[in-house]
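Novice: This is the structure I have questions about; it appears just below.
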Amino acid sequence: LKQLNLGILAHVDAGKTTLTERLLFEAGAITQLGSVDKGTTYTDSLELEKRRGITIKSAVASFSLDDVAVKLIDTPGHPDFIAEVERALSVLDGAVLVISAVEGVQPQTRSLMRALRRLAVPTLFFVSKIDRLGADDVRAVQQIEARLGVSTVQMASVEGIGARAAAVVPTREISVTSGAHPVYPGSGITGAGVDLFMTGITTLLPMAGEDVDAPPSGRIFKIERAPSGTKLAYLRMYEGTVRVRERVWTTSGGDRPITGIEVFTEGGRQRRRAVSAGEIGCLAGLSDVRVGDDLGSPRMGKAEFHFAPPSMEAVVTPLDRRDGPRLRVALSQLAEQDPLINVRLHHQGDLSVSLYGEVQREVITSTLAENFGLAVRFSDVTPVCIERPGGIGMAVEFLRDRSNPLSATLGLQIEPGPDGSGIRFELGIESRIVPIFIYKTERLFAEAMERHVRRALTSGLRGWRVTDCLVTLTQCEYYVGDGVPPAGKGRTAASDFRSLTPVVLRSALVEAGTVVCEPVVRARIETSRTKLSAALALATSLGGEVDSVLEEREMATIDVRLTAVREQQLQRQLSRATGGDGTCESVLVGYRAVRGEPPVRGKPRVRP
Ligand SMILES: Nc1nc2c(ncn2[C@@H]2O[C@H](COP(=O)(O)OP(=O)(O)OP(=O)(O)O)[C@@H](O)[C@H]2O)c(=O)[nH]1
Ligand SMILES: [Mg+2]
C-alpha cells in the first residue's frame, strides 16, 4: 500500500472537520456521518471541541483510497492554535487548503499558504460550502489567485451555486501544469464534488518515500498523555523501520527503548510491532521526548518555526493556594504537548504562561479544570517584553579577594548591539590567559563561557530576557594548585567560572542599566470599503502607525504597526467598529522601548 500523509488547513470555520468527516465516510472508514454542529465528528473528539464546535488539537484519521493509505491530519483554524499547525507542517506529503465559497480567502489563509510554499508542500484547494446561501466559487478562485498570488486550474465548475442542490461538473480534458494548483469545488455537508476531489488526492499528490530498510529517521510532531498518564509520541517515519523494544536515539531523549507502537487504521488505532517509512505511529516509552524532536538521527536543518511565538503572557494562580505544586506539574505537562506554551516560575512562586489570545486562555482554563481538577484564575494578559542594555557596563570579581568565595577572577563587559542581533559573546583576552588545564582548548572555553552568559541573561534587571547585546570577557585568572593558595582558596575548577558568571554579569548589567522594550506587531486589517474610515479611526486611536491602505473592489486592506497590547484591544474592538465584517491578522515585527514606568515581569502593570 502506498502512503500519503495529508494535512487539511484553513481559516477557522472553513469546513475542514466537516470535509474530513465526509472523506472518512465516503471511503468507508466510518459507517455514520457525524456533524460538527452536533458534536459527533470523528476528529473533533475532545469534549471541549464538541462543546465549542471548533477544532483545538490536530487529529489524525486514516482511510484508504484505491491502493493509497491516507493519513489525514485535521488541524485547527483558529489563530490561537497556530502552534498545532506549525507541528503538523513538517510531516506532510501534501496539503489541502480549504477556502469557504462564502467567506473567501481570509488573512489566516495567507499565512498558511506562505508556510506551505516555504516548505514546498504540494497543495490542492478545496472550495467548500458551495451549497450555502451567498456562496460564489468564481469569486473564491479569483481571490485565491489575487490574494494568495498562486495560479490555479479549475478541476470542475458548479451548477446551481448557493443552493442545497448545488452540483459539481468535472472539467473535461484537463491537464495540470506544474506550478498550478488544482481547485476542487464541493460541499462537506452534501458530499457534492467529494468523489472528484478524492481522485485528485490519489492522482495529483506525491506519495511518501518507502525505503523501509534504510537507517531509521523520523520526527515527533505531537505529544499526548493517555488516560493512564503514559506519554505518547506521534511519529512520522521518513525512512527505515523502528520496532518495539528497540532503543532509539531522539534529540532530547537520549537512547530509550520503545515499549509500544500503535498505528492508525481505518476508523481507529491498532497495536503493531513496528512502524516504517511513510507511516505515522504512536510510540510509548520515550518519556523524555519533546515535540519537534528527530528520531534515529538529526535531520538536515533543525526544526524552524514558521509562525511567530506568542508575544503575550498571563499569571496563573490556583483558587485554592494548596494546589500550587499540582498546578506546576499540570502546566509543565501542557507545555510539553505545546512547545510554544512557555511556562515560567517567578521568584515569588507565581507561574506565568505565554499566550496567543483569549480563546487559548479559556481552553487552558477548561483543560486544567477538566483533566486535572484544578480551578485557576488568570491575570490580565501582559506583553512578553525584553531588556536591552542601556549603555556599557563592566564588572570584575578577583581571585585574591576574600569577598569573592570562588577560586577565579572573571571580568565581563556588556554593551548594546544592533536591534534584533540577539546575544553575541567574545573572548577579549590573550590566548595564553585561557585556562587550558580546565577546558583543553580556547574554543571549548569560549563555548562554555558563552553558555553561562546566555543562561545568566534569561532574566535581566526587571525579569525579562536580556538580548541585542555584546558580552566581552575582559579578565580571567585562576589558580593551578602550586605554591601558596591565594586567599586560602583551592585549585580553580570549571564550576568556579560557571558560578561566577551570573554574579559578575549582574553587576555589569546594573552599571549598564537596561531598557525594557515591548513587542510591536504589524497588523493587517481587512474590511469592506464602506467600513474603511471606521477601521482607520480605531487603529489610529490605539496609537497605530498606518503603513499602507489598499482599496480593491469592495474590500479595503490596512497595514498598521502598533504594540502587541494595543493589537489585543484592536482585536476586541474591530468587530463592533466594522459591524462584524473586519478581520485582523498580525505578525511580530520587533520591539520598542516601553514609555513610562518599565514593567517588571510577573507583576501586574500599574497603569496611570
Ligand atoms: N452548508 C455547509 N456548511 C458547512 C460546510 N462545511 C462546513 N460547514 C459548516 O461550517 C461550520 C464550521 O465547520 P467545521 O467543519 O467545523 O470547520 P473547521 O474548518 O473544521 O473549523 P475549525 O476547525 O474550528 O477551524 C459548521 O457549522 C459546519 O456545519 C459545507 O460544505 N456546507
Ligand atoms: Mg475543525
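The values are calculated or read from the model by the stated rules, or taken from the named source; none is laboratory data. Everything quoted here is computed from the prediction, not taken from an experiment. Cβ coordinates were reconstructed from backbone atoms using ideal geometry, including for glycine residues, and neighbour counts include every protein chain displayed.
Novice: Could you check segment 11-67 and list, in sequence order, the residues that are within 19 Å of Arg87 (Cα to Cα), away from ligand 2 (no atom under 13 Å from the Cβ) and out of contact with any Gly (no Cβ under 9 Å at 6 or more places or on another chain)?
Specialist: The answer is Val60, and nothing else.
Novice: Quick check, is Arg605 among the charged types (D, E, K, R), assigned to a helix (DSSP H, G or I) and modelled with pLDDT under 90?
Specialist: Spelling it out, it is not the case that Arg605 is among the charged types (D, E, K, R), assigned to a helix (DSSP H, G or I) and modelled with pLDDT under 90.
Novice: When you scan segment 31-42, do you find a residue that is among the hydrophobic types (A, V, I, L, M, F, W, C) and outside any loop (DSSP other than H, G, I, E, B), even just one?
Specialist: Taking every residue of segment 31-42 in turn, none turns out to be among the hydrophobic types (A, V, I, L, M, F, W, C) and outside any loop (DSSP other than H, G, I, E, B).
Novice: Is there a residue being more than 13 Å from ligand 2 (Cβ to nearest atom), touching a residue at least 12 places away in the same chain (Cβ under 8 Å), outside any helix (DSSP H, G or I) and β-branched (Val, Ile, Thr) anywhere in segment 74-92?
Specialist: yes
Novice: Gly53: within 13 Å of ligand 1 (Cβ to nearest atom), more than 24 Å from the chain's Cα centre (by Cα) and over 20 Å from Val291 (Cβ atoms), yes or no?
Specialist: No, not satisfied.
Novice: Name the one entry in Pro502, Pro519 that is assigned to a strand (DSSP E or B), under 30 Å from Leu412 (Cα atoms) and touching a helix residue (DSSP H, G or I) at 6+ places or on another chain (Cβ under 6 Å).
Specialist: On inspection, the qualifying residue turns out to be Pro519.
Novice: What number of residues in segment 32-50 are near ligand 1 (Cβ under 9 Å from one of its atoms) and either within 14 Å of Thr75 (Cβ to Cβ) or hydroxyl-bearing (Ser, Thr, Tyr) (or both)?
Specialist: 5
Novice: Hey, another quick one. Are any residues in segment 185-216 surrounded by 20 or more Cβ atoms within 10 Å (Cβ to Cβ) and among the hydroxyl-bearing types (Ser, Thr, Tyr), and if so, which ones?
Specialist: Ser187
Novice: Looking only at segment 42-52, decide whether some residue is basic (Lys, Arg), touching a residue at least 12 places away in the same chain (Cβ under 8 Å) and out of contact with any Lys or Arg (no Cβ under 9 Å at 6 or more places or on another chain).
Specialist: yes
Novice: Return a yes/no flag: does segment 222-241 have any residue that is among the charged types (D, E, K, R), in contact with a Pro (Cβ under 8 Å, 6 or more places away or on another chain) and surrounded by fewer than 22 Cβ atoms within 10 Å (Cβ to Cβ).
Specialist: Yes, the conditions are met somewhere in segment 222-241.
Novice: May I pose another question? Could you list all residues from segment 15-31 that are within 12 Å of ligand 1 (Cβ to nearest atom) and of a type in the set (Gly, Ala, Ser)?
Specialist: Gly15
Novice: Here are some conditions: (1) at pLDDT 90 or above; (2) in a helix (DSSP H, G or I). Arg572 meets all but one. Which one does it not meet?
Specialist: (1)
Novice: Another question, then. Determine, yes or no, whether Val12 is in contact with a Pro (Cβ under 8 Å, 6 or more places away or on another chain), within 14 Å of ligand 1 (Cβ to nearest atom), under 30 Å from Gln571 (Cα atoms) and among the aliphatic types (A, V, I, L, M).
Specialist: When the stated conditions are applied, Val12 passes them.
Novice: Next question, about the same structure. Which pairs have Cβ atoms under 7 Å, sit 6 or more apart or on different chains, and link a residue in segment 164-190 that is farther than 21 Å from Val150 by Cβ and in contact (Cβ under 8 Å) with a residue 60 or more places away in the chain to one that is within 16 Å of ligand 2 (Cβ to nearest atom) and hydrophobic (A, V, I, L, M, F, W, C)?
Specialist: Gly188/Leu19
Novice: Right, something else. Considering only residues of segment 108-144 that are out of contact with any strand residue (DSSP E or B) (no Cβ under 6 Å at 6 or more places or on another chain) and among the charged types (D, E, K, R), which is farthest from Val587 (Cα to Cα)?
Specialist: Asp131
Novice: Restricting to segment 187-208, and then to whatever is at pLDDT below 95 and in contact with a Gly (Cβ under 6 Å, 6 or more places away or on another chain), can you tell me which residue is nearest to Lys16 (Cα to Cα)?
Specialist: Within segment 187-208, the match that is nearest to Lys16 (Cα to Cα) is Leu205.
Novice: Among what's in segment 380-415 and is closer than 30 Å to Glu358 by Cβ and modelled with pLDDT of 95 or more, pick the residue that is surrounded by the most Cβ atoms within 10 Å (Cβ to Cβ).
Specialist: Glu387
Novice: Can you tell me which residue is nearest to Val121 (Cα to Cα) among those in segment 170-186 that are modelled with pLDDT of 90 or more and in a loop (DSSP other than H, G, I, E, B)?
Specialist: The residue in question is Ala180.
Novice: Consider Ala101 against the criteria (1) more than 15 Å from ligand 2 (Cβ to nearest atom); (2) of a type outside the set (D, E, K, R); (3) at pLDDT below 95; (4) buried (at least 22 other Cβ atoms within 10 Å of the Cβ): it satisfies all of them except one. Which criterion is unmet?
Specialist: (3)
Novice: Does at least one position in segment 472-490 carry a residue that is closer than 29 Å to Thr563 by Cβ, touching a Lys or Arg at 6+ places or on another chain (Cβ under 9 Å) and part of a loop (DSSP other than H, G, I, E, B)?
Specialist: No: segment 472-490 contains no residue that is closer than 29 Å to Thr563 by Cβ, touching a Lys or Arg at 6+ places or on another chain (Cβ under 9 Å) and part of a loop (DSSP other than H, G, I, E, B).
Novice: Could you please find all residues in segment 57-78 being over 17 Å from Phe197 (Cα atoms) and more than 8 Å from ligand 1 (Cβ to nearest atom)?
Specialist: Lys57, Ser58, Ala59, Val60, Ala61 - these are the residues of segment 57-78 that are over 17 Å from Phe197 (Cα atoms) and more than 8 Å from ligand 1 (Cβ to nearest atom).
Novice: Now for a different question. Mind listing just one residue for me: the one in segment 564-585 that is of a type in the set (Lys, Arg) and surrounded by fewer than 21 Cβ atoms within 10 Å (Cβ to Cβ) and, of those, farthest from Ala534 (Cα to Cα)?
Specialist: Ranking the qualifying residues of segment 564-585, first place goes to Arg572.
Novice: Working only within segment 1-10, note down all residues that are within 21 Å of Ser111 (Cβ to Cβ) and away from ligand 2 (no atom under 11 Å from the Cβ).
Specialist: Passing the criteria: Leu6, Gly7.
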